[in-house]
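Read the structure below first, then the notes.
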Amino acid sequence: MHHLPRHLIVFARAPALGAGKRRLARDIGDLAALQFERLMLARLLRRLGRDRRWRLRLAVTPDRARFRRRLWPRGVPTAGQGGGDLGERMRHALAACPPGPAVLVGTDIPALAAPHIADAFRLLGNHDLVFGPAADGGFWLVGARRSPRLPPLFGKVRWSSRYALEDALADLPPRISVGFAATLPDVDDGISFRRLAPCRGV
């Protein structure tokens, strides 16, 4: 595994007014939610995109947004997320990577930085899968060693609920070894947006 390249997938929605995080938009307004999504995407790509310990890839929605070159860093492989629910789309993004361990993150974790990603890859040295628990019961990161292959993932998960991580773990085959990265808070609504305000500055 050590000689294979590591792949970091940023799972992103193309920022657009009236799309994206609807709970957040209901609480703080469409324009503020759009500005937050743009800020988070730009900051995440800047923080993680130039690190030579992994190769950056983007999985974007809607699929046609992969052709909007001004949105994405030049030279970074960019693919559509495809159809299906959140689990199917994440599983597809992980499976589509070239050989090597792969880690996938979203764009709504203000505290996320390169050391968190490095820690996740380190955990994949000893585990088949790694999850980064979110404070609300979901998860901000999922990664797979993919050696020899990607295990079954995300069969019956109650997405956007406090049971998402619990369901994802309960659905795994018993032989699968799982490591856990740090627990980080994500931003899904106005309460979490205001609580994490000090993290928002670029």
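The values are calculated or read from the model by the stated rules, or taken from the named source; none is laboratory data. These numbers were taken from a predicted model, which means no experiment stands behind them. Glycine also receives a Cβ, built like all others from the backbone with ideal geometry; neighbour counts cover every protein chain displayed. Just so you know, the surface numbers come from the protein's heavy atoms only, side chains and all, with ligands and any DNA or RNA stripped out. Shrake-Rupley method; radii C 1.70, N 1.55, O 1.52, S 1.80 Å.
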Q.
Quick check on my filter: what residues within segment 31-85 are in contact (Cβ under 8 Å) with a residue 60 or more places away in the chain, under 18 Å from PRO5 (Cα atoms) and among the basic types (Lys, Arg)?
A. ARG53
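For (1) part of a helix (DSSP H, G or I); (2) closer than 14 Å to GLY106 by Cβ; (3) at pLDDT below 85, each residue gets a yes or a no:
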position: LEU24; (1), (2), (3): yes, yes, yes
position: LEU31; (1), (2), (3): yes, no, yes
position: LEU44; (1), (2), (3): yes, yes, no
position: ARG53; (1), (2), (3): no, no, no
Q: Could you run through segment 160-193 and say how many residues are open to solvent by 80 Å² or more (accessible area, probe 1.4 Å) and either closer than 13 Å to TRP140 by Cβ or at pLDDT 60 or above (or both)?
A: 8
Q: For residues that are aromatic (Phe, Trp, Tyr) and in a strand (DSSP E or B), tally how many sit in segment 107-163.
A: 3
Q. Quick one: ALA113 ticks every box in (1) open to solvent by less than 20 Å² (accessible area, probe 1.4 Å); (2) under 22 Å from ARG46 (Cα atoms); (3) within 15 Å of the chain's Cα centre (by Cα); (4) small (Gly, Ala, Ser) bar one, so which box is it?
A. (1)
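Each row is one residue, and each column tells you yes or no for (1) out of contact with any Cys (no Cβ under 9 Å at 6 or more places or on another chain); (2) under 28 Å from LEU172 (Cα atoms).
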site: PHE36; (1), (2): yes, no
site: ARG50; (1), (2): yes, no
site: ARG57; (1), (2): no, yes
site: THR78; (1), (2): yes, no
site: CYS97; (1), (2): yes, yes
site: PHE121; (1), (2): yes, yes
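From the residues in segment 109-159 that are in contact with a helix residue (DSSP H, G or I) (Cβ under 7 Å, 6 or more places away or on another chain) and among the basic types (Lys, Arg), which one is modelled with the highest pLDDT? Working first, answer last.
Taking segment 109-159 first, the residues in contact with a helix residue (DSSP H, G or I) (Cβ under 7 Å, 6 or more places away or on another chain) are 110-114, 117, 130-133, 137-139, 141-144, 150, 153-154, 156-159.
Okay, now just the ones that are also among the basic types (Lys, Arg), so 156, 158.
Values: LYS156: 89, ARG158: 92.
Here the answer is ARG158.
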Q: Starting from segment 150-174, keep only residues that are within 24 Å of HIS7 (Cα to Cα), then list their pairs with residues that are small (Gly, Ala, Ser) and loosely packed, with under 14 Cβ neighbours inside 10 Å whose Cβ atoms are within a distance under 7 Å, requiring at least 6 positions of separation or different chains.
A: LEU150/ALA95
